[in-house]
Each structure stands twice: as C-alpha cells, then as structure tokens.
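In what follows, a structure is listed as structure tokens, so that the remarks can point back to it.
The values are calculated or read from the model by the stated rules, or taken from the named source; none is laboratory data. Nothing here was measured: the structure is a model prediction, and the numbers come from that model. All Cβ positions, even for glycine, are placed from backbone atoms using ideal geometry, and neighbour counts span all protein chains on display.
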Amino acid sequence: MKSPLEHVEVRTSSAGVPVVVRRNGHEWVIGAEPVRWFERTQWWKYSLRMPKGQGRVDVQVWQVQARLGRNPRSDLVTMELERESGDGAWWVRQGVT
C-alpha cells in the first residue's frame, strides 16, 4: 500500500538538489536554496510490515520554494518533498493544492 502523498516528478542538479518540480502538468521552478533533512519513516502507517530489503528507516525530505513556470515575478510557494530511498520516487507532503 502506498502512502497518501501525491506523486510528482522532480528534476535535480548533478548534485541531487531539486531544481524543477512537475506537478499536475505544471512546472514549478525552484527559486530559493532548498533545505534538506532526514526523518524516521512511519512505514507502519502505510503497510502491515516493513518493505522487504529496506533496512533503512530514514526518509529524505526537501523543503523547496518554487514559482510557477519561469516567470520571475510569480510568487514563491513552499513545498515539502519526500524522496523514497528504494526507487527514488518523489512525493509532495504539503504545499500548494
């Protein structure tokens, strides 16, 4: 069972830092330096058992500020992105709707 987070596509720099978030057919361009931290995964909320082969219990979280498209006058919106360690999928935790 997957978490209730919304799946998004994220383009990263060569260093792995998010630079563009593609969500609902729109591109959000990162407009400020992202902040990264790690949290404990609450896998028990979404599955009956820890996923096989996943000995790691931390999840990577990025807080980004992005603007819609490449318009420099567009307001910045804050989003929290979660990156899965297994397949590298990205999910929006909170932010724009």
Look at the range 26-69 and say how many of its residues are at pLDDT below 95 and surrounded by fewer than 10 Cβ atoms within 10 Å (Cβ to Cβ).
8
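Do we find a residue being modelled with pLDDT of 90 or more, among the small types (Gly, Ala, Ser), on the phi > 0 side of the Ramachandran plot and out of contact with any helix residue (DSSP H, G or I) (no Cβ under 7 Å at 6 or more places or on another chain) anywhere in the range 10-19? Walk me through it before giving the result.
Taking the range 10-19 as the starting set, the residues that turn out to be modelled with pLDDT of 90 or more are 10-19.
Okay, now just the ones that are also among the small types (Gly, Ala, Ser), so 13-16.
After this cut, where a residue has to be on the phi > 0 side of the Ramachandran plot as well, the list is 16.
The next check asks that each one be out of contact with any helix residue (DSSP H, G or I) (no Cβ under 7 Å at 6 or more places or on another chain); those that pass are 16.
Looking for residues that are modelled with pLDDT of 90 or more, among the small types (Gly, Ala, Ser), on the phi > 0 side of the Ramachandran plot and out of contact with any helix residue (DSSP H, G or I) (no Cβ under 7 Å at 6 or more places or on another chain), one finds at least one in the range 10-19, hence yes.
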